[in-house]
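The values are calculated or read from the model by the stated rules, or taken from the named source; none is laboratory data. Since the structure is predicted, the reported quantities are computational estimates derived from the model, not experimental observations. Neighbour counts run over all protein chains shown; Cβ positions are idealised from the backbone, glycine included. With ligands, DNA and RNA removed, areas are computed over all heavy atoms of the protein, side chains included. Shrake-Rupley method; radii C 1.70, N 1.55, O 1.52, S 1.80 Å.
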Amino acid sequence: MRFGELLVARLGKKLTPIITSTKELSRRLQGAIQRSGLIREGDRVGVAVSGGADSVALLLLLVAVKRKLGIALSVLHFNHKLRGPAADADEKFVGALARKYKLPFYSSSAAVKDIARSDKANLEATARRLRYAFLGQAADEHRLDKIAVAHTADDQAETVLAHILRGAGLTGLGGIHPQVDKIVRPLLSVSRADLRLYLKAHRQTWREDATNRDTTKTRARIRKKLIPLLRKEFQPRIVEHLTALSSHAREDDALLQHLAQERLRTSVEIIPGGAHIRIADLLPPNIHESTFEQIEGQSSEQAASTGLSGRLVRLIFSRVKSARVKFGNDNFSSGEFTARHVTQVLELARHGKTGSSLPLPGNIEVRRHRDTLVFCGKRSTTLSAHEYEYKIDSLPDCNTIRVPELGCVFRFTVIDWHAQRGETRVSGEVLDGARLTFPLTLRNWRNGDRFCAIGHTKPEKLKRLFNEKGIDRWQRAGWPVVVNGEELAWSRIFGASAKFAAHAGTKTGIVIAEEKIL
């Protein structure tokens with residue numbers, strides 16, 4: 001038998017005694033799906049089937065419970081074209097399986113090796129990217145509510161160990177998630193061995209890929225060497241324990257992520273092509289001057305604050321990278337944003353000087369400007385402002401304008417000024433409706449714009465006002481103003497201009513409020 005040859009698994013004449021009955025395994029799966037809500041009644045579910053034992057077992061199990069769950073099934077297969085005729089035989093095998101159970105069969109293929117070589121990318125990562133792209137496309141084209149994939153408890157244990165060996169934190173300990181968007185994994189609590197017993201009990205063959213035994217790969221060494229050693233010498237239930245660890249880690253990680261998201265919402269300002277945050281909002285006050293070594297020995301309360309700071313850095317980086325992709329700035333260099341990068345960003349916040357910067361993966365950099373960190377595109381010496389312009393033809397009681405370029409919503413609210421002016425802190429925040437001529441324009445500021453602040457008689461260049469307020473060039477990018485004719489009537493921070501501000505004789509006021517979109 002040659003190594004790497006794809007073989008069809010044959011059933012022995014004598015079946016191995018089953019510890020868990022096949023009916024019990026079906027009941028376990030049905031109960032787990034109903035409790036978790038991974039798949040709901042009425043869902044159209046595509047089952048990703050490679051032809052291997054795990055995915056074939058998943059298909060058979062879902063076929064067994066589909067009536068009780070009230071779901072419709074179809075079969076999905078992606079041919080990576082990595083093993084020539086053997087890969088084509090996999091596709092034929094899965095197609096025949098779909099026909100056996102009278103299920104729709106959707107397949108696609110790609111020359112993964114050629115694409116990876118062309119992109120100068122990792123082969124396994126390219127295969128995964130193309131496979132999941134096919135699954136997503138199939139879901140859209142065939143109106144599938146969920147895509148079920150066959151990751152098992154063993155896969156979870158292997159993933160957690162791989163992450164530990166790589167030096168992962170809490171997020172990495174969470175391993176494989178039961179659901180990500182439409183992708184669901186109902187077998188994460190089921191062992192690989194139980195699935196094979198299930199198939200043998202049903203006299204169902206499967207395809208066996210001998211390349212999975214290639215121990216030159218880390219994942220195969222974990223599967224074939226490390227886990228058997230841990231099971232034999234240390235803990236017979238190692239797979240169960242690692243699976244439970246991943247579940248607990250995901251729960252804690254979700255809580256911390258929620259707290260970090262809240263801080264992102266309240267503390268981070270999104271600007272075109274980037275974001276910025278005050279260092280006081282990023283770092284807890286008690287560690288502003290701490291060294292990394294001192295932080296390692298900090299109290300539990302300080303450690304919790306530092307942990308949130310690290311998560312916030314990751315969220316900001318992710319938001320900036322996503323925003324740049326959205327607006328077409330996707331010519332990124334390769335590289336993963338790691339724990340080392342997070343540490344470097346926090347050190348820049350603690351001890352960096354104004355003007356100092358740090359390169360990050362994806363052609364992104366973070367700069368320190370006074371008491372602020374600015375995340376932006378590395379290649380731009382100045383953040384090129386995303387230009388936008390929105391016309392306001394009239395104002396009902398409340399009009400909302402969404403500005404995706406800023407990640408903001410602007411709300412224009414018409415109020416009775418005489419009745420409500422006492423409740424408004426500063427009249428400069430309110431425009432006098434009678435002095436405005438429609439249509440108004442909400443746009444980004446431009447060089448040469450002039451603004452007459454309340455208390456002044458002559459307009460000044462907005463750029464000079466920025467300098468006086470200490471508003472850096474990154475913050476200015478896409479800075480919103482409201483224009484009446486050719487004059488600035490309102491600006492972020494500065495409020496209403498002197499000419500258009502509400503006054504003692506104002507009857508109808510207009511309040512402009514800016515809210516972040518997160």
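Which of rounded, prolate, oblate describes region 218-288, given a ≥ b ≥ c as roots of the alpha-carbon gyration tensor eigenvalues and a/c under 1.5 marking rounded, otherwise prolate only if a/b is larger than b/c? It comes out prolate by the Cα gyration axes. Coordinate range of the alpha-carbon atoms in region 42-95 per principal axis, descending: 39, 18, 13 Å. For Ile176, neighbours were defined as the other residues whose beta-carbon sits under 9 Å from its Cβ, and their charges (Lys and Arg +1, Asp and Glu -1) total 0. With R₀ fixed at 51 Å, the C-beta to C-beta distance from Thr437 to Glu24 puts the FRET efficiency at about 0.10. Computed from backbone phi, the HN-Hα couplings of region 494-511 come to 7, x, 6, 6, 4, 5, 10, 6, 5, 9, 4, x, 5, 9, 10, x, 10, 9 Hz, rounded to whole numbers (Karplus: 6.51 cos²θ - 1.76 cosθ + 1.60, θ = phi - 60°; Gly and Pro given as x).
Annotation for region 128-159 versus region 59-113: alpha-carbon center distance of 12 Å. Mark the label point 7 Å from the Cα of Arg129 along Cα→Cβ and return the residues of region 149-186 whose backbone N is within less than 16 Å of it. Under cut-off, by backbone N: nothing. Shape class of region 103-232 from the Cα gyration tensor (axes a ≥ b ≥ c, square roots of the eigenvalues): rounded, since a/c falls below 1.5. Which percent of the accessible area of region 430-498 is formed by carbon and sulfur heavy atoms (probe 1.4 angstrom)? Ligands and nucleic acids excluded, carbon and sulfur give 47 percent. Accessible surface calculations at 1.4 Å, restricted to protein heavy atoms, place region 26-179 at 48 Å² per residue. Given their separation in residues at 0.36 nm each and the Cα-Cα distance between them, Thr266 and Lys499 gain 80.7 nm when the chain is fully extended.
Checking the a/c ratio against 1.5 first, then a/b against b/c, what shape does the Cα gyration tensor give for region 70-165? Oblate, since a/c reaches 1.5 and b/c is not below a/b. Averaged over residues, the count of other Cβ atoms within 10 Å places the peptides 360-367, 458-465, 404-411 in the sequence 360-367, 404-411, 458-465, highest first. The Cβ shell under 13 Å around Gly37 holds other residues with a net charge of 0, Lys and Arg each +1, Asp and Glu each -1.
Tyr106 sits among other residues whose Cβ lies under 14 Å from its own Cβ, and their net charge, with Lys and Arg +1 and Asp and Glu -1, is +1. Using the Cβ-Cβ distance between Arg99 and Glu240 with R0 set to 45 Å, the FRET efficiency from 1/(1 + (r/R0)^6) comes to roughly 0.75. Can you pick out the pairs among Lys463/Lys516; Lys391/Lys499; Lys23/Lys146; Lys23/Lys66 whose Cα atoms lie more than 19 Å from each other? The pairs that break the limit, which is 19 Å between Cα atoms, are Lys463/Lys516; Lys391/Lys499; Lys23/Lys146.
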